[in-house]
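Since the structure comes first, as structure tokens, the remarks are kept for the end.
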Amino acid sequence: MTVGSRPRVLTIAGTDPTGGAGVAADLKTFAAHGAYGMAIVTALVAQNTRGVRSVYDPPVQVLAAQLDAVSDDVTIDAVKIGLVGSAAYARAIGAWLDRVGPPHVVLDPVLGASAAGRPLLGRGERADETLAALRELAARADVVTPNVAELAALVGAPPPASGTEILGLARTLAGSLGTRVVVTGGHLGGRRSPDTLVAPSGAVVTVDGERVETAHTHGTGCALSSALAALRPVRPSWEAALRDAKTWLTGALRDGGRLDVGRGPGPVDHLHGVPVPLRVLSTVPTPPDGD
């Protein structure tokens, strides 16, 4: 990265027309952290805060063309990968990562939509083929940020019943893939909300934080993974990036209730730290310019 420049961060993910998840949320997160955001669309998703209605996967050749178009022209400082859609997509992205070699890669292994419980990865494919391709892609990432269901699926284990079991699965995944795994505090229960960074060696770093009681959690996984990608080029380690990402996400969760977006679980406020124009804040009508 050129000294003094903004990190150039690429998201490879699906869409969310309401802006709470997917590439729209990633780009807002990049901007909130001072990064220059770029986006490649893997799937056109018809969804809102109440669930997913339909998904369209463009041909894999379109994905490959998008990837090449960006990397042929722009130096990429970090990549965040979200919804990849299919085993063919995962293999195409993996081949591109091998060829281009971006210095920092974060994978949020999206398997389904939490609001609707619908599968988003591997539609029409055998589950074992899909998960094998996703595991191969995860092995190319520096950090993987699965939720509990995704963690269990990637390990091939039953859903964990306790925080101890969750950490055990995270150690298994990190060790088998040679990558770092982030377990968020929301999955561990308790009054606090510590995030845990598990290294391939099994070493654990805990980043403490407060638990925010809110219904506005749509896109939380997208937000954390994209914040990590935006921060790592300007932080000395993944631990440092996680600490700052967690602080930012806590504020985004806390301020999500100020947004009036949708009738389901609302999104976090990605831009909570960005000053809002006074005209937006004012409840007094503002006369037209020149009056």
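No lab work stands behind these numbers, since they all come straight from the coordinates. Bear in mind the structure is a predicted one, so any value in this text is a computation, not a measurement. Virtual Cβ from ideal backbone geometry, glycine too; neighbours counted across all protein chains shown.
Note that region 140-152 has calculated 3J(HN,Hα) couplings of 8, 8, 7, 9, 10, 10, x, 7, 4, 5, 5, 4, 5 Hz, one per residue in order, obtained from phi through the Karplus relation 6.51 cos²θ - 1.76 cosθ + 1.60 (θ = phi - 60°); glycine and proline are x. Compared with the dominant Cα axis of the chain, that is its longest principal axis, helix 87-100 is turned about 80°. A Cβ-based charge dipole, computed about the Cα centre of the chain with Lys and Arg at +1 and Asp and Glu at -1, lands at about 400 debye.
Where does region 8-281 land on Rg/Rh, using Cα atoms and the Kirkwood Rh? Please report the intermediate quantities before stating the final value.
Working: Rg = 17.3 Å, Rh = 18.5 Å.
Ratio value, two decimals: 0.93.
Going from the residue with the fewest nearby Cβ atoms within 10 Å to the one with the most, D255, D72 rank D72, D255. Suppose a student asked you for the relative contact order of region 8-281, using Cα pairs under 8 Å spaced at least 6 residues apart; what percent would you report? Here the relative contact order equals 19 percent. Helix 238-255 and the longest principal axis of the Cα set of the chain meet at an angle near 50°. Taking 0.36 nm per residue of sequence separation and removing the Cα-Cα distance, the S237/T206 pair yields an extension gain of 9.8 nm. Using θ = phi - 60° in the Karplus curve 6.51 cos²θ - 1.76 cosθ + 1.60, the 3J(HN,Hα) couplings for region 65-73 round to 5, 4, 4, 5, 4, 6, 6, 5, 10 Hz; x is entered for Gly and Pro.
Between the listed residues V9, L169, P159, the Cα displaced farthest toward the positive end of the dipole of region 8-281, a dipole computed from Cβ unit charges relative to the Cα centre, is found at P159.
Residue-wise HN-Hα couplings along region 213-228, as the Karplus relation 6.51 cos²θ - 1.76 cosθ + 1.60 with θ = phi - 60° gives them from phi, are 7, 7, 8, 8, 10, 4, x, 4, x, 4, 5, 5, 5, 6, 5, 4 Hz; Gly and Pro carry x.
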